[in-house]
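Take a look at the structure below.
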């Protein structure tokens with residue numbers, strides 16, 4: 001059951017699967033609260049292309065061709081990305097570690113933090129593996 005975190009409270013490590021369009025973290029976001037999202041060093045793969053949560057800074061030709069379909073254009077291919085609720089309206093690249101402050105802009109009263117591998121819709125079928133992630137509320 002999703003819940004709000006107290007300052008200093010930690011969730012995880014969670015295993016964020018690469019084949020999920022949205023992975024619910026169980027963390028309900030509080031407006032004005034800051035969260036640290038940190039990934040471990042494990043790898044996931046886009047077809048046969050391995051990557052950490054930092055993403056692929058040197059995309060292969062197939063990724064270059066489909067660049068316009070990448071869900072979070074500010075991020076890299078296969079970078080860990082956060083979403084406010086189950087929507088692509090408010091996405092933010094996370095990479096290996098990010099301190100992020102949630103400013104309420106969701107129509108949901110209590111949106112849940114979602115995470116996923118940055119890929120193109122329709123191409124999650126060939127993804128494999130997961131990344132370990134820890135979330136800490138820091139303020």
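Taken over the range 56-86, the criterion of being in contact with a helix residue (DSSP H, G or I) (Cβ under 8 Å, 6 or more places away or on another chain) and surrounded by fewer than 20 Cβ atoms within 10 Å (Cβ to Cβ) is satisfied by 56, 59. Right, residue 20: surrounded by 15 or more Cβ atoms within 10 Å (Cβ to Cβ) and part of a loop (DSSP other than H, G, I, E, B) or not? Yes. Within the range 106-124, can one find any residue that is more than 24 Å from residue 28 (Cβ to Cβ), outside any loop (DSSP other than H, G, I, E, B) and at pLDDT 90 or above? Taking every residue of the range 106-124 in turn, at least one turns out to be more than 24 Å from residue 28 (Cβ to Cβ), outside any loop (DSSP other than H, G, I, E, B) and at pLDDT 90 or above. Of all residue pairs spaced 6 or more apart or on separate chains, those with beta-carbon atoms under 6 Å, a first member in the range 120-132 that is at positive phi and a second member that is surrounded by 15 or more Cβ atoms within 10 Å (Cβ to Cβ) and assigned to a strand (DSSP E or B) are 129/44; 129/45. Scanning the range 107-128 for residues that are over 17 Å from residue 9 (Cα atoms) and either in contact with a helix residue (DSSP H, G or I) (Cβ under 9 Å, 6 or more places away or on another chain) or surrounded by 18 or more Cβ atoms within 10 Å (Cβ to Cβ) (or both) yields a total of 12. If we scan the range 44-52, do we find a residue that is within 19 Å of residue 89 (Cβ to Cβ) and without any contact (Cβ under 8 Å) to a residue 12 or more places away in the chain? No, the conditions are met nowhere in the range 44-52.
The values are calculated or read from the model by the stated rules, or taken from the named source; none is laboratory data. Source: prediction; values computed, not measured. Here Cβ is always computed from backbone atoms with ideal geometry, including for glycine, and neighbour counts include all displayed protein chains.
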